[in-house]
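Below you'll find the structure, written out as structure tokens, and then a few comments.
The values are calculated or read from the model by the stated rules, or taken from the named source; none is laboratory data. Owing to the predicted nature of the structure, the values given are computational and were not obtained by experimental measurement. Ideal geometry is used to build each Cβ from the backbone, glycine not excepted, and the neighbour counts take in all protein chains shown. For accessibility, only protein heavy atoms count, side chains too; no ligands or nucleic acids. Shrake-Rupley method; radii C 1.70, N 1.55, O 1.52, S 1.80 Å.
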Amino acid sequence: MLSRPSECTALTQFFLQRKQIDPAQLINPRQDFDHQKMAKQYRTREQSQAAWQLQALCQANEGVILAADASINRAIALAEEYRQTDMLTTSLLIKAKLALAQQQTQSAKQLLDTAAKQVTEQSQNKVQDALALLQASTLLHQHRVDDARLAFEQIRVQAQENNHPAQQAWANYLLAEYYQLLQQDELALSHYVETLNLLSQHQQYYLKAMAAEKAANINATLGAGEQAIHYANLAASQFELLGNPNLLISSLLNLGQVTRTSRDASLALVYFFNALDLAKNLADSEHIAQLYLEIGHSYRVLNINPEALHYLSLAHTRFERSNNVLRKIDTQLQLGQLYMTQQKNKLALAQFKQALTLAETQQNTPRLIESHRLLAQLFELSDNATQALIHHKAYHKYYAKVSRINRLLTQSLVQDSDKQLQQEREMAQLRQVNEQTQQEKKRVSFFATGLALLAPLLLYGWWHNYARRRRLQNKNRELQSSLLLEQRTGLPNWRQLMQLLPKEMAKSQLRSEQWYLDEGQARPFNDKTYYLMLHVPFMADLNERLGLMHASVLQKQLGMHLKNRIHPQAQLYDLREGQFIYVISQRQVNSLQDIITSLEQMFAEFSSPFKLDQRLAIGIIGHPFLPKSPHALDDMRLGDILYLAMAAAHQISSQTGDRAWVELVAVDCQQAAFFNGDIRHCCIEAILKGLVKVNSSHKKQHIDWHTLAPDKIMSIS
């Protein structure tokens, strides 16, 4: 059924050609039957129903869903005709599974409700387990995610108590899909890995292969190349043990893609060619065309252009012949990139335009994004700024539809991700303990009436559980509160900034849009929110210079000192390593210089018995950075500009030995498209070309912008 579904379908069809024997004939005393001969020529009612069920499953694995649905309908009809409850329940479960595969959620729920009425305590454990999993999966398809999670957790706990590792593994696997639906990749990955651990000693090849393949894809997305390749290899080996060549080809294809993503295109070619040999043996034209595309892509990455052109052309011809429009678009994009590297811009333009036209007809947003991106890049190389701008705008338009909203700051602000993950796990454990305590309380209350003689003991147990629950709740609240504060200074930390920043940015963007749409406005935008990033030198290495005890006392004192002196409408966030972010509205202060002076004075007035380096380096930007295009730059890119301003101030401070500040202000014109690409590189280039104004406490000549460019960026002219 799993290894060779087409042969399975043929065998069941051949078996169903036998005549069905009437059970009454088997007990006819007047006839002497040769039961062995009859077994080769006839089929019983039970065998007929089992054969229709098996044929439906084989057809489903073969991808012929409509035929599978027809087969299972025959099995249901026979079970209803002969009033065989177990067979009817099993057939209904199979039909519900087929309905879920076709996204017919309401139909699946009705079938499962009907099957549940047939299930009793005497029903087989396999039927009860399958019903529970399918009911939970239906909840997930209905987007009742909380109910689905609770159902999967209950199935997993029950399977663990009953020592059913296969059922527990399936619950883990479906829980992982639940977390993937919520885009919580790390939690999904942990459940896929747990599924593999549960099945390590079992021959559940299919489930192990699927879990390993999902784990490989998540690791590839998270940038863990070695782990991705490890799990992709494991998936391929499990599919090979399963014996299904089609699934093995898909797994080898995925293994090659993961390997190429980890920048080893040569090894990826080995996997692709192995898969191609299998596909040719099976005459699987769909997989052959896809493998031609991947092989051509890999040769393009390796800069072996003749081979890349050969295989991409073969793929294009096959996709055109099979009318696979989406894959044809992918092939044209690859061909266009190949021509672009060969500086054959006209050929590249033709491929990109054809891909764009097809993507528009299909309304495929990811391929529209990629087409516009590559067209903009091509027109930039051809010095056609007008067309490049048009495609940049289209790229941003489509990208805005699919990009995540309110992703905060850059990864450089997340310096303690491991600790955060550990704290979140502790919170989850506390919630689980709290739920267990609530269950214990309910059980105690339920038996209280019948155990009146033990009332004092029960009262003591209730009070103990109540006090324990209150302690856990208080501990949970304290932990949640501590997550939002920097323990060393007592100031709000980056997590609190991540909670408040979306609301503040949305307000600034709304005010900017209202200002821009005001036709009568004749004044510059003066309602920005200033973001000042401070580098405080003496906070960077306190532990090394003063020791843990003195450093801890000094940081607490500094936190109290700053909290009592900041503006009542301002916020100060401690990002660790001597970095702070000060946020204040432009309307709350008379001038930017007043803010800088007050900050410098706050730190200067901090008294300490130790000699402290108080040469502040302050980077400043206003939000929105582009008042006429407030949505052009998201928070991550603005955070990068803020870090650039602080780096420039730090450079001045290092050269002059004095305090320094640098403000970056975009000039009052439309230049949103200019900032497409690596934002740090684009901002430095905008500064050098006068599109971004630099205000500083010292002469701007002290700043060497070239040294502040990322290492991967070539020198800027």
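So how much slack lies between Thr656 and Glu504, counting 0.36 nm per residue of separation and subtracting their Cα-Cα distance, in nm? Walk me through the numbers before you get to the answer.
Details: separation 152, 0.36 × 152 = 54.72 nm, distance 3.55 nm.
Result for the pair: 51.2 nm of gain on full extension.
Label point 7 Å out from Gln362 along Cα-to-Cβ: which residues of the stretch 291-327 have amide N under 20 Å?
Taking a point 7 Å out along Cα→Cβ of Gln362, the residues of the stretch 291-327 whose backbone N falls under 20 Å are 291-298, 311-327.
Just list whichever of Lys109/Lys503; Lys441/Lys475; Lys397/Lys693 have alpha carbons separated by over 29 Å in the model shown. Walk me through the numbers on the way to the answer.
On the way: Lys109/Lys503 40 Å; Lys441/Lys475 19 Å; Lys397/Lys693 27 Å.
With Cα atoms farther than 29 Å apart: Lys109/Lys503.
Write down the Kirkwood hydrodynamic radius of the stretch 529-586, to one decimal in angstroms, obtained as one divided by the mean of 1/r over all alpha carbon pairs. Intermediate values should be presented prior to the final figure.
Details: mean 1/r = 0.0815 Å⁻¹.
Computed over the stretch 529-586, the radius equals 12.3 Å.
Can you pull the percent of Cα pairs in the stretch 240-383 with separation above 20 Å?
On the way: 5056 of 10296 pairs.
Tail fraction, whole percent: 49.
With everything on Cα atoms, drop me the angle between helix 455-483 and the longest principal axis of the chain, reported from 0 to 90° to the nearest 10.
50
How far apart, in nanometres, would the label points at Met636 and Ile390 be if each is projected 7 angstrom from Cα along the Cα-to-Cβ direction?
It works out to 3.0 nm between the two label points.
Taking the Cα atoms only, what angle lies between the long axis of helix 185-198 and the longest principal axis of the chain, rounded to 10 degrees?
40
Rg to Rh for the stretch 39-125: what is it, with Cα atoms only and Rh by Kirkwood?
For the stretch 39-125, the value is 0.99.
Please report the relative contact order for the chain, taking Cα pairs under 8 Å with a sequence separation of at least 6, and give it as a percent rounded to a whole number.
Relative contact order of the chain: 6 percent.
Please get the size of the charge dipole for the chain, origin at its Cα centre, with Cβ charges of +1 on Lys and Arg and -1 on Asp and Glu, quoted in debye to the nearest 20. Let's see the in-between values first.
Details: 74 positive and 67 negative charges, 187 e Å.
The dipole of the chain has a size of about 900 debye.
If R0 is 22 Å, what FRET efficiency do you get for Gln142 and Gln439 from their C-beta distance, rounded to 0.05?
Numbers: r = 26 Å, r/R0 = 1.19.
Here the calculated transfer efficiency is 0.25.
Please give the length that would be gained between Leu688 and Gln184 if that part of the chain were fully extended, namely 0.36 nm times their separation in residues minus their C-alpha to C-alpha distance (nm, one decimal). Walk me through the numbers before you get to the answer.
Details: separation 504, 0.36 × 504 = 181.44 nm, distance 4.10 nm.
So the chain would gain 177.3 nm between Leu688 and Gln184.
Put +1 on the Cβ of every Lys and Arg and -1 on every Asp and Glu Cβ in the chain; which of Trp705, Gln53, His230 then has its Cα farthest towards the positive end of the dipole?
So the residue we want is Gln53.
Could you list the chymotrypsin sites (Phe, Trp or Tyr not before Pro) in the stretch 263-324 that lie in coil according to DSSP, counting only those with at most 12 other Cβ atoms within 10 Å of their Cβ? It would help to have the intermediate numbers written out before the result.
Values: sites: Tyr271, Phe272, Phe273, Tyr292, Tyr299, Tyr311, Phe319; in loops: none.
Sites meeting the loop and neighbour criteria: none at all.
Determine, from the Cβ-Cβ distance of Leu381 and Lys700 and an R0 of 35 Å, the FRET efficiency 1/(1 + (r/R0)^6), rounded to the nearest 0.05. Write down the numbers at each step before the final one.
Working: r = 32 Å, r/R0 = 0.91.
After rounding to 0.05, the efficiency reads 0.65.
Just the Cα atoms of the stretch 552-634: what Rg and Dmax do they give in Å?
14.9, 50
Using a 10 angstrom Cβ neighbour count of at most 14 plus a DSSP loop assignment to flag exposed GluC sites (Glu not before Pro), which longest range of the chain is free of such sites? Before the final figure, lay out each step's value.
Values: sites that count: Glu121, Glu519, Glu577, Glu605.
With GluC sites (Glu not before Pro) excluded where exposed in loops, the chain gives 122-518 as its longest stretch.
Assuming R0 = 41 Å, can you tell me the calculated FRET efficiency for the pair Gln569 and His464, based on Cβ-Cβ distance, to the nearest 0.05? Walk me through the numbers on the way to the answer.
Numbers: r = 48 Å, r/R0 = 1.17.
After rounding to 0.05, the efficiency reads 0.30.
Would you mind telling me the share, in percent, of accessible area of the chain contributed by carbon and sulfur at probe 1.4 angstrom?
On the way: 19510 of 38760 Å².
Ligands and nucleic acids excluded, carbon and sulfur reach 50 percent.
Gain in length, Gln13 to Asp594, computed as 0.36 nm per residue apart minus the alpha-carbon separation, to one decimal in nm? Before the final figure, lay out each step's value.
Values: separation 581, 0.36 × 581 = 209.16 nm, distance 8.63 nm.
Fully extending the segment from Gln13 to Asp594 adds 200.5 nm.
Under 8 Å for C-alpha pairs, at least 6 residues apart: give me the relative contact order for the stretch 144-290, rounded to a whole percent.
Numbers: 187 pairs, mean separation 20.6, N = 147.
Rounded, it is 14 percent for the stretch 144-290.
Any chance you could look up the accessible area of Lys441 with a 1.4 Å probe, heavy atoms only, rounded to 10 Å²?
Approximately 60 Å² for this residue.
Angle, helix 592-604 long axis vs. longest principal axis of the chain, Cα atoms, 0 to 90°, nearest 10?
90
Percent of alpha carbon pairs in the chain separated by more than 36 Å? Don't jump to the answer; show the numbers that get you there.
Working: 155512 of 256686 pairs.
The answer is 61 percent, as a whole percent.
Per residue, how much accessible area does the chain have with a 1.4 Å probe, in Å²?
Numbers: 38760 Å² over 717 residues.
I get 54 Å² per residue for the chain.
Under the rule of -39500 (n - 2.57) per DSSP H run of 4 or more residues, summed and divided by the residues of the chain, what mean residue ellipticity at 222 nm is obtained, to the nearest 500 deg cm²/dmol? The partial results should precede the final answer.
Numbers: 30 runs with 483 residues, N = 717.
That calculation yields -22500 deg cm²/dmol at 222 nm.
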